[in-house]
There are 2 protein chains.
Amino acid sequence: MQIAILLFDRFTALDAVGTYEILSRTPGAETVFVAERAGAVRNDSGSLDLVAHRALDEVPAPDLVIVPGGPGQHHQMENENLLGWLRRADATSTWTTSVCTGSLLLAAAGLLKGRRATSHWLALDTLKDYGAEPTGERVVLDGKYVTAAGVSSGIDMGLTLLGRIAGDRTAQAVQLLTEYDPQPPYDAGSPQKAPAGLVEEWRGRSRFILQ
Amino acid sequence: MQIAILLFDRFTALDAVGTYEILSRTPGAETVFVAERAGAVRNDSGSLDLVAHRALDEVPAPDLVIVPGGPGQHHQMENENLLGWLRRADATSTWTTSVCTGSLLLAAAGLLKGRRATSHWLALDTLKDYGAEPTGERVVLDGKYVTAAGVSSGIDMGLTLLGRIAGDRTAQAVQLLTEYDPQPPYDAGSPQKAPAGLVEEWRGRSRFILQ
C-alpha cells in the first residue's frame, strides 16, 4: 500500500512524524511525504525542515492519506490546489486520516460532512462550520475517515489504524519497538485534565496559536 | 539557550522529533538540527529526510545537547569527529541528553562512565560495555545527563526536562498544547507489558534492528 503524508508551510512536526513513525512500519507499505512542490517544507516554529519527496500530482491515488495540522493549516483552507488533491485522493483511498487541525482541511474539502470527527481541542468547534460532528475523543473512526486530536495523538491513531490494517500482533510489535509506554510527568494533556487557569489562558490565545 | 539536536544517517525520526516538539517550545530557546555536514539527513527506513541546518563545528557550545538513536547509531560508535563534538559540547553544556540508542553514543564518547542511564530496551545491556549502569526506567536523570528509553520516550523526557528548565506550569502548558494525553489502544509498550512471545521474537532479531 502507498501512504501519503501531506506537508504544508508551518505544519506541526510531531503531527506528521508521530503518525509516520508508526504507520511507515506497516508491512509492505511505501510511505511518501508530499507537498504542493517537492522540497523542504518548514514547520510552525521555523526551526525544522522536513523534505517532501514528491509534488501532489505525482501521488494521485494513495491508499492511505495522512493530513497533519499546525498553524499553517489556516492558510490552506481555501487553497483549491491542495483541497482538490485531497478530494481526488479520497475518491480512491482506503483510509483518509488527519491529526490535529488537519481535520479542518479534510472538512474544508467537504469530506467530513455529517461525520463524527475530532481535532486539536482548541479547534473542535470549527469542525461544525463544515458540517462535521466534533467529539472529544482522542481517535475517531467514522467509516474510512480517521481523525485524531492534537499533535501527539497521531501516535495513538497510528497504532489503532495499524491494528486494523495489519492485525493486533503487528501493532503490538510496533508499540514495543517504539517503546510506547507513555509516562508523562504531568497529567495536563487535555482541557479536562489540565489546570483550569491554563486552559482558559490558552483558549484566550487560540487565535494566535491556530493562525 | 541554544538546543542542538544531532542527526546522523539512519536515525529514528520520532526519537528526534518527539523530543524536539516539546523542548523547542522552551521560552527563549533557539533549536538547531546539526550533523557532520549540513543538509538533508535520511532516517532508518529511508523514506524521511530531516534537514540539518548546521554542521557540527558551527554549533560548538550548545546549552542542551539531544542525541537521538536509531539503527545508524551503530556506525557512529567509532566516529571520532562526531564523538569529539559530543565531548566538546558536553564540556560546556547545561544538559546532555539522549533518546533510545543515542545513549550508546554518549557512552562511546565516555560521558556516561559510572552513571545511571537508559536506552532502547534491546540495547540496555550494551550500556554496561561502556561503564554505564543501565536502569529500566523510562527517563533517567543523573546530574546533567538525561537519558530516555526507546523512540517515543523522548516526549516524556522533553516534558521532564522542560519542567526543570522553565517550571511546571510551562511544561504543563506544552503538554496541553501538544495534547499529550496518551491513550494507546494496546498495552504492549515495554518488554514487561508486551506478550512474552513478541518480546522473545524481537530479542532474537535485535542484531538486525540495532545495526
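The values are calculated or read from the model by the stated rules, or taken from the named source; none is laboratory data. In this text the structure is predicted, and so the values were computed from the model without any measurement. Quick reminder, even Gly has a Cβ in these numbers, built from the backbone with ideal geometry, and neighbours come from all protein chains shown. Protein only, heavy atoms only, side chains kept; ligands, DNA and RNA dropped before computing areas. Shrake-Rupley method; radii C 1.70, N 1.55, O 1.52, S 1.80 Å.
Conditions tested, residue by residue: (1) surrounded by fewer than 23 Cβ atoms within 10 Å (Cβ to Cβ); (2) more than 24 Å from A:VAL32 (Cβ to Cβ).
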| site | (1), (2) |
| --- | --- |
| B:ALA4 | no, yes |
| B:LEU7 | no, no |
| B:THR12 | no, no |
| B:VAL17 | no, no |
| B:THR26 | yes, yes |
| B:ALA29 | yes, yes |
| B:ARG37 | yes, yes |
| B:SER45 | yes, no |
| B:ARG54 | yes, yes |
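Quick one: is A:VAL67 closer than 18 Å to A:VAL146 by Cα, crowded, with 17+ Cβ neighbours inside 10 Å and of a type in the set (A, V, I, L, M, F, W, C)? Break it down stepwise before answering.
On the way: closer than 18 Å to A:VAL146 by Cα: yes; crowded, with 17+ Cβ neighbours inside 10 Å: yes; of a type in the set (A, V, I, L, M, F, W, C): yes.
Yes: the conditions hold for A:VAL67.
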Right, B:GLY158: crowded, with 23+ Cβ neighbours inside 10 Å, under 22 Å from the mean Cα position of the chain (by Cα) and part of a loop (DSSP other than H, G, I, E, B) or not?
no
Those residues that are of a type in the set (S, T, N, Q) and facing chain A (nearest Cβ under 9 Å), I need them from segment B:140-194; list them, please.
B:SER152, B:SER153, B:THR160, B:GLN172, B:GLN175, B:THR178, B:GLN183, B:SER190, B:GLN192
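Conditions (1) within 11 Å of another protein chain (Cβ to nearest Cβ); (2) under 22 Å from B:SER24 (Cβ atoms), marked per residue:
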| position | (1), (2) |
| --- | --- |
| A:TYR20 | yes, yes |
| A:SER24 | yes, no |
| A:ALA29 | yes, no |
| A:ARG37 | no, no |
| A:GLY46 | yes, yes |
| A:ALA52 | yes, yes |
| A:LEU56 | no, no |
| A:PRO60 | no, no |
| A:ASP63 | no, no |
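Among the listed residues B:THR26, B:THR19, identify the single one that is in a loop (DSSP other than H, G, I, E, B), within 26 Å of B:TYR180 (Cα to Cα) and β-branched (Val, Ile, Thr).
Numbers: B:THR19 fails: in a loop (DSSP other than H, G, I, E, B).
Just one listed residue meets the conditions, B:THR26.
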Within the set of pairs 6+ apart or on separate chains, which have a first residue in segment A:130-143 that is closer than 16 Å to A:GLY158 by Cβ, a second that is modelled with pLDDT of 95 or more and open to solvent by 40 Å² or more (accessible area, probe 1.4 Å), and C-beta atoms under 6 Å apart?
A:ARG138/B:GLN183; A:VAL140/A:ARG116
Segment A:163-187, residues that are polar (S, T, N, Q), surrounded by 18 or more Cβ atoms within 10 Å (Cβ to Cβ) and in a helix (DSSP H, G or I)
A:GLN172, A:GLN175
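Got at least one residue in segment A:180-199 being polar (S, T, N, Q) and within 19 Å of B:LEU23 (Cβ to Cβ)?
The first filter runs over segment A:180-199 and keeps only residues polar (S, T, N, Q), leaving A:183, A:190, A:192.
Of the ones still in play, those that are also within 19 Å of B:LEU23 (Cβ to Cβ) are A:183.
There is at least one residue in segment A:180-199 that is polar (S, T, N, Q) and within 19 Å of B:LEU23 (Cβ to Cβ).
Among the strands (runs of 3 or more DSSP E) lying completely within segment B:36-139, list those that include at least 3 residues that are within 16 Å of the chain's Cα centre (by Cα), at pLDDT below 95 and within 30 Å of A:ARG42 (Cβ to Cβ). Let's see the steps before the verdict.
On the way: elements: B:39-42, B:49-52, B:64-67, B:95-99.
Those strands (runs of 3 or more DSSP E) do not exist here; none qualify.
Going by the conditions given, is B:PHE33 hydrophobic (A, V, I, L, M, F, W, C), assigned to a loop (DSSP other than H, G, I, E, B) and open to solvent by less than 20 Å² (accessible area, probe 1.4 Å)?
Values: hydrophobic (A, V, I, L, M, F, W, C): yes; assigned to a loop (DSSP other than H, G, I, E, B): no; open to solvent by less than 20 Å² (accessible area, probe 1.4 Å): yes.
So B:PHE33 does not fit the description; no.
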